[in-house]
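Note sheet for the following structure.
The values are calculated or read from the model by the stated rules, or taken from the named source; none is laboratory data. Here the structure is a predicted model, which is why all the values come from computation and not from measurement. Quick reminder, even Gly has a Cβ in these numbers, built from the backbone with ideal geometry, and neighbours come from all protein chains shown.
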Amino acid sequence: MAQLGEEPTALGVARHYAGLASGFVLDAADRELSDAVARLRMSPHILDTVMTGAEGEEPAGEGGARPEQGLKNPRREMSFPGR
């Protein structure tokens, strides 16, 4: 992210995708950034995203991270007249 001129944090990544994504997954450790993400007009989704234990185990937390639930791709929802 630093090479793109953004801070290498969850908020920096959110800023980079602002205007392109309707939601953003934050790890529970970054919960305090949810208001800043919301100000970017992105719906913050706070989940435990860090893997614990052996490779391939479920992420920590109930059900693990499932970012496909509740997030939308605004580009796919756009309609273009005449196409």
message = Return the residues of region 2-30 that are at positive phi and either out of contact with any Leu (no Cβ under 9 Å at 6 or more places or on another chain) or at pLDDT 95 or above (or both); say none if nothing qualifies.
response = Gly5
query = Does any residue of region 4-18 turn out to be in a loop (DSSP other than H, G, I, E, B) and of a type in the set (A, V, I, L, M, F, W, C)?
reply = no
query = Which is surrounded by fewer than 17 Cβ atoms within 10 Å (Cβ to Cβ) and not aromatic (Phe, Trp, Tyr), of Ala21, Ala2, Ala10, Ala14?
reply = Ala2
